[in-house]
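These notes are about the structure you will find just below.
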Amino acid sequence: MRTEVAIIGAGPAGLLLSHLLSLEGIDSVVLETRTREYVEARIRAGILESSTVELLDAVGLGDRLREEGDEHRGIYLRWPGERHHLDFVDLAGRSVWVYGQTEVTKDLGRAREEAGQEFYYGVSDTAVHDLTTDRPYVTFRSAEGEEVRLDADVIAGCDGSFGPSRGAVPDAVKRTWERTYPYSWLGILADVAPSTDELIYAWHPNGFALHSMRSETVSRLYLQVAPGEDIAEWPDDRIWDELAVRLGHGQDGWELTPGPITDKSVLPMRSYVMEPMRYGRLFLAGDAAHIVPPTGAKGLNLAVADVALLAPALTAMLRKNNTALADAYSDTALRRVWRCTHFSWWMTTMLHTSGDPFDARLQLSQLRWVAGSEAGATGLAENYAGLPIGM
Ligand code: APR
Ligand code: PHB
């Protein structure tokens with residue numbers, strides 16, 4: 001088989017890239033290990049930066065987001081005895097939207113299907129070849145067990161942290177940075193109306209807590225727990241009791257309403273960056289090149305920003321034989337990657353307790369500054385709401 005761009009991975013990065021390329025009349029084939037149902041059912045984060053929403057709007061993918069999503073002006077920061085609202089619109093002129101990554105992935109899948117996108121779900125043994133030639137190719141086994149060779153002009157590695165693309169960049173070429181945090185998140189989905197109009201990020205001596213949501217009837221909440229915590233240790237009542245303590249139930253008249261938990265899982269927390277994000281005719285985007293802890297709500301938005309840079313770069317390369325953008329892709333994308341990696345590390349270390357009393361004092365002082373000074377609050381707002389793509 002032959003195509004112009006072979007895309008490995010049908011997560012948000014791969015699907016959005018295939019969409020942006022198709023708007024430029026560029027063919028692609030998308031390969032995915034999992035089934036479409038699995039990919040579209042995966043529970044992931046749910047905050048969209050304003051630049052992500054503007055991009056999805058601009059490429060015809062904003063309708064359901066605008067209908068079913070929820071625009072938020074900002075977030076609440078709270079710690080025992082204190083609760084502050086940071087208004088991103090006042091501080092940085094930008095809002096954020098609450099709309100599950102699952103929904104974004106469904107919208108992308110539907111749009112690609114309607115556009116007749118060529119997909120191979122359920123593939124295995126995916127491997128990339130001849131990356132330093134102008135005739136790279138991918139081999140894989142189809143869901144039916146057939147061995148397939150896909151020739152392309154370019155390969156886009158959108159295959160997340162466990163795909164083949166990351167490993168295809170030779171050790172002699174790549175540099176990696178990694179930080180693993182000494183805690184995890186216990187995340188729940190609950191069929192209960194959110195007890196807050198906007199997200200609450202809470203510092204508490206017992207550990208961090210976050211109150212997010214998916215809709216008017218579905219809440220999404222997180223608790224800081226030990227790395228690899230056994231979920232069996234957390235019966236539903238204990239989860240709600242601990243959330244109530246950390247989020248300040250009963251303080252300043254605010255109450256947390258518990259409800260039936262429909263899903264719970266423990267998520268690891270780490271930062272990872274790999275450079276360069278290009279090797280010959282292989283271009284990496286999204287989690288294939290970088291992982292951020294979820295505290296800054298950057299994972300999905302960074303994947304979107306990568307492909308928003310990659311699509312025009314590949315278009316100029318394949319349509320005009322102009323490689324300037326493609327040659328600059330890795331450095332340009334990495335500027336935002338490191339900004340978001342710093343912001344996610346900063347939010348994570350400001351809000352998660354380490355058990356060190358000196359750290360706790362530093363964290364509380366930082367929270368008071370961020371919530372009490374316009375400069376501090378604007379810094380958080382600008383990064384959280386998202387900097388313009390291609391900054
Ligand atoms: N062959 C084909 N597909 C593969 C392979 C392979 N060998 N290995 C992995 N994949 C697929 C995965 O099954 C997954 O569906 O690549 C896809 C990568 O998608 P994501 O992990 O969603 O990564 P990305 O599209 O970069 O989106 C990043 O997802 O994980 C969240 O927090 C992260 O929000 C961020 C977003
Ligand atoms: C979520 O809604 O799942 C969510 C929101 C904000 C975060 C992380 C996750 O920082």
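Values quoted throughout were computed directly from the atomic coordinates according to the rules given, and no laboratory measurement underlies them. Keep in mind that this is a model prediction, so the values were computed, not measured. Cβ coordinates were reconstructed from backbone atoms using ideal geometry, including for glycine residues, and neighbour counts include every protein chain displayed.
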I want to check the label-to-label distance for Thr323 and Glu67. Put each point 7 Å from Cα in the C-beta direction and report it in nm to one decimal.
4.5 nm
³J(HN,Hα), Karplus 6.51/-1.76/1.60, whole Hz, each residue of region 137-149, x for Gly, Pro
8, 10, 10, 7, 9, 6, 4, 7, x, 7, 7, 10, 10
Note to self: C-alpha centroids of region 1-25 and region 187-209 sit apart, in Å, by 36 Å
Between region 249-271 and region 127-170, the Cα center-to-center distance that results, in Å:
40 Å
Degrees between helix 374-385 axis and first principal axis of the chain (Cα, 0 to 90, nearest 10):
40 degrees
Which far-off residues, 5 or more places away or on another chain, put their amide H under 5 Å from the one on Val225, with H placed in the peptide plane?
Ser184, Trp185, Leu186
Given labels modelled 7 Å from the Cα in the Cβ direction, how far is it in nm from Asp197 to Asp151?
6.1 nm
Read phi for every residue in region 201-210 and hand back ³J(HN,Hα) as whole Hz from Karplus 6.51 cos²θ - 1.76 cosθ + 1.60, θ = phi - 60°, with x for Gly and Pro.
9, 10, 8, 8, x, 6, x, 5, 8, 9
Longest DSSP-loop-exposure-free segment, GluC sites (Glu not before Pro), the chain, at most 14 other Cβ within 10 Å:
256-391
Where both partners of a DSSP beta bridge lie in the chain, what percent of those bridges are antiparallel, to the nearest 5?
75 percent
With the 8 Å Cα cutoff and a minimum separation of six or more residues, region 32-169 has a relative contact order in percent of 22 percent
Size of charge dipole - region 80-208 - debye, nearest 20, with Cβ of Lys, Arg +1 and Asp, Glu -1, no other charges:
460 debye
Under 27 Å Cα-Cα from Lys264, which lysines qualify once same-chain neighbours fewer than 8 residues away are excluded?
Lys106, Lys298
Testing the spin-label approximation: label points 7 Å from Cα along Cα→Cβ at Glu114 and Arg42. State their distance in nm.
2.4 nm
Förster radius 25 Å - calculated FRET efficiency between Glu24 and Glu54, Cβ distance, rounded to 0.05
0.85
Cα axis of helix 324-351 to longest principal axis of the chain: angle in degrees, 0 to 90, nearest 10?
20 degrees
Expressed as a percent, the portion of alpha-carbon pairs in region 271-321 spaced more than 19 Å apart is 31 percent
For the chain, the longest principal axis of the Cα atoms and the Cα long axis of helix 236-247 enclose an angle in degrees, to the nearest 10, of 70 degrees
Determine ³J(HN,Hα), in whole Hz, for all residues of region 178-184 in sequence, where each value follows from phi through the Karplus function 6.51 cos²θ - 1.76 cosθ + 1.60 and θ = phi - 60°; x replaces Gly and Pro.
9, 9, 9, 8, x, 7, 10
Region 17-112: relative contact order as a whole-number percent, Cα under 8 Å and 6+ apart
36 percent
